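**Q** Questions regarding the structure given below will be posed in turn.
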Amino acid sequence: MAKRKNLTQSPVRQGNRIDCSREIKFSYNGRWYQGYKGDTVASALFAAGKRIFSRSFKYHRPRGLTCVSGQCPNCLMTVDGVPNVRSCIQPLSQGMQVEHQNAWPSLEHDIFGMIDRLGKFLPVGFYYKSLIRPKLLWKIAEPFIRRMAGLGKVNLKLEHGDEYNHRFLHTDIAIVGGGLAGLTATVEAIKADADIILVEEQPCLGGTLRHRVQDIDFPELPGLSAQEVADKLAETVVSSSSVSVMTNASAIGLYEGNYLGVRQGNELVKIRAKQVIITTGSYQIPLVFDNNDLPGVMLGDAVRKLIHYYGVSPGNKAVVVTSDDNGHGLAKDLAEAGVEVIAIADNRPKPDIDHSGVLENPRVPVFWDTSISRALGKKHVRGIEIVTSKEASEYQAPLKLKCDLICISTNSQPANSLLHQTGATIEYDKHTAQPLVKNTPAGVFAAGEVTGIHDKNLNVLQAKVAALKSCQNLGILRRKKQLESLIDELEQLEITSRSLPRVHCSQTVPGISDKRIVCYCEDVLEKDLNQAIEEGFRDIQILKRYSTVTMGPCQGKMCSAAAIDICARATGTDISQIGTTTSRPPLEPVSLGVLAGSVHTPLKRTPMHNRHVNLGAKMVQVGEWLRPHSYGNVWSEYQAVRERVGVIDVSTLGKLDLKGDEAAPLLDRLYVNRIGNLKVGRTRYGVVCSETGVILDDGTISRLAEDHFFVTTTTGNTESMESWFKWWSASTNDCVHITNITAGMGAVNLAGPFARDVLSKLSPIDLSNEVFGYMGNVSGLVAGVPATLMRIGFVGETGWEIHFPSEYGEYLWDSIIQAGQEFGIRPFGVEAQRILRLEKKHVIIGQDTDALTNPYEANMAWAVKLEKEDFVGRGGLRKIKGLPRSNKLVGFVMKDGTVPRDGDPVIDKGVAVGRVTSARYSPHVGRGFGLAYLPDYLAVQQSDFIIAVNGLESLAVIVDQAFYDPEGLRLRG
Amino acid sequence: MTYLISCPGCGDRGVDDYRYGGSVLKRPGYNDDPELWDSYFYLRVNRAGMEKEWWYHRMGCKQWFIAERDSTTNQVHVTYWPGENK
Ligand code: FES
Ligand SMILES: [Zn+2]
């Protein structure tokens, strides 16, 4: 636990996200700190003076806040036991436990930092090349490499419980991104009365308007500041009843059918939208120069967020590196926040027209046509080196300045991954050095900076057009004229904007040092890429796979532009020809718990469930059902059935009701047995096979009337048999009504020498052998309940399977137990049933058969009637019959006192050649017994074979007949 | 696999509401060659393009129907009950 006395006070701050009246205490590495409501973990730590937020993946280089937008890997921490949390977007909460990761003993002094100096010995493809021979070398090295590399550690003890959820939403229009374009589109769509979901990843709406606070000229709201425009638009959106706004929600994938995956906290929200408008904007990307990952080097927008959102001073002396007016606005912001701006290094040539007052901040020297070549300092920025791109320059190069903050505000990258996923056409435009969206699939639109166009007026128009076109697709557009004129206007503006000159700042600035980081996540250096290209990995796709550039947690957000730039230069290819690496969902790291959601396995209970529980039954899950394993004593349950009478709940059996003139031909087609000749009032055991002759299921078929059959299936195959029956019915286009009545009917099996005595007390039905013989069925009353009775040889004793409406379950159960009292009746569970049935050598589908078992192997050849007319499986079975059999299911009894377990191997000459599928102790035989698959050559009647029981070889003998009552006299009695 | 299919009985539903039942095939006759049966069992065309397929609405009405789907785009052009030959 953390010590409270070390609480560090933080000064009162002014930020549009935080509420300084609400303090939040949290601990970081065992010390208590204080932040405010609205802070993120990172903003509170930064305010408390922390500058190193992580150590890098491979070289353990110190890393500080870089993007403050959850795009990079530089602020990953362990929060409340959960590793790899992006602390810059993790809202702070009371009592939160934050810890650093991937460094020892601390971020400031990390022993593994020495790896940074060994960089020469860790070239790209290091593992592939150096630790190959001898093989042992990798075995020794691997644990060390694994420990030093990598990020946080998973806490296996952490309990997550049910906190993960999935939610499903439907809407007319989903708009992703609540910045200027997204808000504009939403406002337009509201006017058409569309149902809208607006997805915004930040805690509030407004996007860049909230931190790039220069004035904007918004035609409909003249004279307002960016903040005010955002407030106005957000207010309209939030107050509309047709919009549901999701904040702190990130879209992680857009799939076919406009299926949008959104992560919101621990929830995965799946949105099915008729139309999708993508307004995800753009984000700034870093430059590659010497020491470019030094803490204190930050993206311009990150700095602005620290200032405007959280009221934190980002540094004392700053230098802004830029290539557009945005950087000059940033300089103003810095100055207003009390930061001394030492200089602006502007990549553009000095403008002919004097912009002073607009671009040039009079107090700040602007170095035109320059860029940064190096960040100076060891653990934090202490200075900057500026170079000019011109040969003859008015500045002395390189120019060294002292500072503690370097703001990179050069290139932006459209956040267009979602568009990529939809298959939109995106082309690299040389003129603007931006990927431009050319075409989107039906029902998907893009507007705003995500399209590669950075012009507010154009972006607003795009958003309006996208909204109106969506409404048009939905058939709710009333203002057709307006759409046409907007489209015209947009086209005009696009033409003028294309003619404006642009300056593209190269993603890399030449330098000399070793440590020029391209990929923050995987510590891929510029020289690594150059070397890989020299080795022949010239295509961006294989360059990526070989060097792992773009393959880290940021998914290339920060590095793919630089990688493409370097690849183009090194291979002498035009950037537009390089292509990009594929962007796949999820767009940002998502924990597996969110994807999995909470587990809602349905559990089915039989109508008599409570009776079993009251009787103290041990319940087990069988498929989706809960069934009694036993009521305490398996052996006395067994004994009751064999000597007196027992009752078992078999409501879990699948039950299909078939009606129609063509029901008999359909069943004849579905079963390998003959069914058509079954008489009314008779029941038959049947086997269902696939077309290739594999056993699918077994069960009983009872003919209740000429055109009415009642079929049972095994518990686990109910659904698949229902669809199988229905498919054959549909494909032959016959007239049969197939109804799954499994849940509507309960069932018990009453069996034992006194079964008839018990049942005759409850039912007026004549149960005598002459009238109700073996394999007969009768419908009538049992304890006054309408029921269908089938006399089948379930456990090898006289017995009836009684099916009745579920509602009567408990009543009928009680009646039977009561009537059986004088005969010593006992309920029995699935374990006793298993032994009883195994003694009769009954095969359990799925236990004694698998996905390849055919009837000839499983001793069911007698059921197959190849000579009857066409049936399902005939083709396959005919073929199998002609082939030599490889395996055979046999019954066996142990020769010694051992009892094998299900799955024990059958051994021949020291090799496993078969397996036991079912084995138990048989009270009747007095030994271990069961069923096993043997190779055909071993399956000779009455011969011995070996089973490895508990790893020791034991002898078993093959028994051909049923172990109990082979003549079947008892069940017919 | 997140596209929509319209069940002729229930309407538009996500594809995971359904079970795919394979292409609509012609079943060989009783006396046809074993080779014909073999190809019916095991050989599938896997057509890139329009295909007639069986779909089962397992999470809904539990009925089989036929969908004509383009396997290259997952566009379902039409669905109908078997026997309603469109
Ligand atoms: S600083 Fe947090 S992800 Fe970049
Ligand atoms: Zn349906």
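The values are calculated or read from the model by the stated rules, or taken from the named source; none is laboratory data. Everything numeric in this text was worked out from a predicted model, so none of it was measured. Reconstructed Cβ throughout: ideal geometry from the backbone, glycine too, with neighbour counts over all protein chains shown. Calculation scope for accessible area: heavy atoms of the full protein, side chains included, ligands and nucleic acids excluded. Shrake-Rupley method; radii C 1.70, N 1.55, O 1.52, S 1.80 Å.
**Q** Using 0.36 nm per residue of separation minus the Cα-Cα distance, give me the extension gain between A:S389 and A:E706 in nm, one decimal.
**A** Here the answer is 104.6 nm.
**Q** Right, something else. Could you check the simple spin-label distance between A:A335 and A:S239, using points 7 Å along Cα→Cβ, in nm with one decimal?
**A** The answer from the label model is 3.7 nm.
**Q** For B:54-65, what's the mean count of beta carbons from other chains sitting within 10 Å of each residue's beta carbon?
**A** Mean partner shielding for this stretch: 3.
**Q** Decide, for segment A:654-741, between rounded, prolate and oblate: order the square roots of the alpha carbon gyration tensor eigenvalues as a ≥ b ≥ c, take rounded if a/c falls under 1.5, and otherwise choose prolate if a/b is larger than b/c, else oblate.
**A** In terms of gyration-tensor shape, rounded.
**Q** Round to the nearest 10 and report in Å² the accessible area of A:K274, as given by a 1.4 Å probe over the protein chains' heavy atoms.
**A** Using a 1.4 Å probe on the heavy atoms, I get roughly 130 Å².
**Q** With r defined as the distance between the Cβ atoms of A:L603 and A:Q531 and R0 fixed at 56 Å, what FRET efficiency is calculated, to the nearest 0.05?
**A** 0.45
**Q** Which log10 I(q)/I(0) values, to two decimals, does segment A:884-972 give at q = 0.20, 0.21, 0.23, 0.24 Å⁻¹ under the Debye formula with one point per Cα?
**A** Log-scaled intensity ratios, in q order: -0.86, -0.94, -1.10, -1.19.
**Q** For A:N266 paired with B:S71, estimate the spin-label separation in nm (one decimal), with each label point 7 Å from Cα along the Cα-to-Cβ line.
**A** Distance between label points: 4.3 nm.
**Q** Can you sort A:H109, A:H170 by solvent-accessible area, 1.4 Å probe, largest first?
**A** The residues order as A:H170, A:H109, largest area first.
**Q** Oh, and also: Can you list the HN-Hα couplings for segment A:312-325, worked out from phi with the Karplus curve (6.51, -1.76, 1.60; θ = phi - 60°), rounded to whole Hz and with x for Gly and Pro?
**A** In residue order, the calculated couplings are 9, 7, x, x, 9, 10, 10, 10, 9, 9, 8, 9, 8, 5 Hz.
**Q** Let me ask you something else. What does the accessible area of A:L486 come to, in Å² to the nearest 10, when a probe of 1.4 Å is used?
**A** Result for A:L486: roughly 20 Å² accessible.
**Q** How large is ³J(HN,Hα), in whole Hz, for each residue of segment A:440-446 in order, when computed from phi with the Karplus curve 6.51 cos²θ - 1.76 cosθ + 1.60 and θ = phi - 60°, using x for Gly and Pro?
**A** Calculated HN-Hα couplings, in order: 10, x, 4, x, 10, 10, 10 Hz.
**Q** All other residues with a Cβ under 11 Å from the Cβ of A:K37 taken together, and with Lys, Arg as +1 and Asp, Glu as -1, what is their net charge?
**A** -1
**Q** Tell me, how many Å apart are the Cα centres for segment A:223-238 and for segment A:31-106?
**A** Rounded to whole Å, the Cα centres lie 32 Å apart.
**Q** Further question on the same structure: Quick one: check the C-alpha center-to-center distance for segment B:24-69 versus segment A:288-336, whole angstrom.
**A** Between the Cα centre of segment B:24-69 and that of segment A:288-336, the gap is 63 Å.
**Q** Continuing with this model, one more query. Just which residues of segment A:246-274 lose 20 Å² or more accessible area with every protein chain there, against their chain alone, with the probe set to 1.4 Å?
**A** Those residues are A:E256, A:Y259, A:R272.
**Q** Any residues in segment B:4-43 that have 50 Å² or more less accessible area with all protein chains than in their chain alone, probe 1.4 Å, and which are they?
**A** Residues losing area: B:R27, B:Y30, B:F41.
**Q** Okay, moving on. Leaving out same-chain residues fewer than 8 places away, which aspartates and glutamates sit with a Cα under 15 Å from that of A:K909?
**A** A:D944, A:E953
**Q** Would you mind checking the radius of gyration and Dmax of segment A:570-689 based on alpha-carbon positions, in Å?
**A** Calculated on Cα positions, Rg and Dmax stand at 28.3, 92 Å.
**Q** Using the Karplus curve 6.51 cos²θ - 1.76 cosθ + 1.60 with θ = phi - 60°, work out ³J(HN,Hα) for each residue of segment A:222-231 in order, rounded to whole Hz, and write x for Gly and Pro.
**A** x, x, 9, 6, 4, 4, 5, 4, 4, 4
**Q** Going by amide H atoms built from the backbone, whose H comes under 5 Å of the H on A:S598, apart from near neighbours?
**A** Close amide H contacts, sequence-distant or interchain: A:N165, A:H166.
**Q** Using a probe of 1.4 angstrom, how much of the accessible area of segment A:269-357 is carbon and sulfur, in percent?
**A** About 45 percent, which is the carbon plus sulfur part of the accessible surface.
**Q** Considering only C-alpha atoms, what is the centroid distance from segment A:564-600 to segment A:434-502, in Å?
**A** Each part reduced to its Cα centre gives a spacing of 26 Å.
**Q** Sorted by accessible area (1.4 Å probe), largest first, how do A:C735, B:C7 line up?
**A** Final ranking, largest accessible area leading: A:C735, B:C7.
**Q** Among A:595-601, A:331-337, A:934-940, A:367-373, what's the highest-first ranking by average C-beta atoms within 10 angstrom per residue?
**A** My ranking of the peptides, most packed first, is A:367-373, A:331-337, A:934-940, A:595-601.
**Q** Continuing with this model, one more query. Given a Förster radius of 51 Å and the C-beta distance between A:N248 and B:Y30 as r, what FRET efficiency does 1/(1 + (r/R0)^6) yield to the nearest 0.05?
**A** Taking R0 as 51 Å, the efficiency between A:N248 and B:Y30 is 0.20.
**Q** Same structure again: In deg cm²/dmol and to the nearest 500, what is the mean residue ellipticity at 222 nm of chain A if only DSSP H runs of at least 4 residues count, each as -39500 (n - 2.57), divided by the residue total?
**A** Calculated from helices alone, the mean residue ellipticity at 222 nm is -7000 deg cm²/dmol.
**Q** Computed FRET efficiency, Cβ-Cβ of A:I542 and A:H431, R0 35 Å: what is it to the nearest 0.05?
**A** 0.75
**Q** Using modelled amide H (1.01 Å from N, peptide plane; none on Pro or chain starts), what sits under 5 Å from the amide H of A:T40, excluding residues fewer than 5 places away?
**A** Under 5 Å from the amide H of A:T40: A:L92.
**Q** So, one more: Filter A:K402/A:K515; A:K659/A:K840; A:K274/A:K481 down to the pairs with a C-alpha to C-alpha distance above 25 Å, please.
**A** A:K659/A:K840
**Q** Another question, then. With a 1.4 Å probe on protein heavy atoms only, work out how much accessible surface A and B bury together, total over both chains, in Å² to the nearest 100.
**A** That pair hides around 2100 Å² of surface in total.
**Q** Would you mind checking which residues have amide H under 5 Å from A:L376's amide H? H placed 1.01 Å from N; only 5 or more apart, or other chain.
**A** For A:L376, whose amide H was placed from the backbone, the distant partners under 5 Å are A:R382, A:G383, A:I384, A:E385.
**Q** Does a label point 7 Å from the Cα of A:Q577, set along Cα-to-beta-carbon, have any residues of segment A:542-558 with amide nitrogen under 19 Å, and which are they?
**A** Counting only backbone N, you get A:542-544.
**Q** Counting partner chain Cβ atoms within 10 Å of every residue's Cβ in A:724-734, what's the average?
**A** Taking all residues of A:724-734 together, the mean is 4.
**Q** Tell me the relative contact order for segment A:884-972 as a rounded percent, counting alpha carbon contacts under 8 Å between residues six or more apart.
**A** Relative contact order comes out at 35 percent.
**Q** Accessible area per residue of the protein assembly as shown at 1.4 Å probe, in Å²?
**A** 44
**Q** Something else: Over the Cα atoms of segment A:719-789, what Rg and Dmax result, in angstrom?
**A** Spelled out, the Cα radius of gyration and Dmax of segment A:719-789 are 16.8, 47 Å.
**Q** Would you rank A:W104, B:W55 by solvent-accessible area, highest first, keeping every protein chain in place and using a 1.4 Å probe?
**A** A:W104, B:W55
**Q** Something else about it: Relative contact order (percent) for chain A, with alpha-carbon contacts under 8 angstrom and 6 or more residues of separation?
**A** Over chain A, the number comes to 8 percent.
**Q** What are the equivalent ellipsoid semi-axes of the protein assembly as shown, built from the alpha-carbon gyration tensor (square roots of five times its eigenvalues), in whole angstrom, biggest first?
**A** 71, 34, 29
**Q** In Å, what Kirkwood hydrodynamic radius results for chain B from the alpha-carbon pair distances?
**A** 13.9
**Q** Further, regarding this structure: Which of A:K232/A:K469; A:K25/A:K153; A:K618/A:K888; A:K50/A:K305; A:K881/B:K52; A:K50/A:K400 have a Cα-Cα distance over 28 Å?
**A** A:K618/A:K888; A:K881/B:K52
**Q** Using the Kirkwood radius built from alpha carbon pairs, what does the Stokes-Einstein equation give as D for segment A:170-309 at 25 °C and 0.890 mPa s, in µm² per second?
**A** Translational diffusion coefficient: 151 µm²/s.
**Q** For a quick size check, give me the Cα extents of segment A:517-595 along its three principal axes, largest first, whole Å.
**A** 44, 24, 18 Å, listed from the longest principal axis down.
**Q** Using 0.36 nm times the number of residues separating A:W635 and A:S690, minus their current alpha carbon distance, what extension gain do you get?
**A** Full extension from A:W635 to A:S690 adds 16.0 nm.
**Q** Kindly report, to the nearest 10 Å², the accessible surface of A:H924 as traced by a 1.4 Å probe over protein heavy atoms only.
**A** Here the residue's solvent-accessible area equals roughly 90 Å².
**Q** Put a dot 7 Å past each Cα toward the Cβ at B:A48 and A:K402; how far apart are the dots in nm?
**A** 6.6
**Q** Grab the other residues whose beta carbon is less than 15 angstrom from that of A:K868, score K and R as +1, D and E as -1, and report the net.
**A** +3
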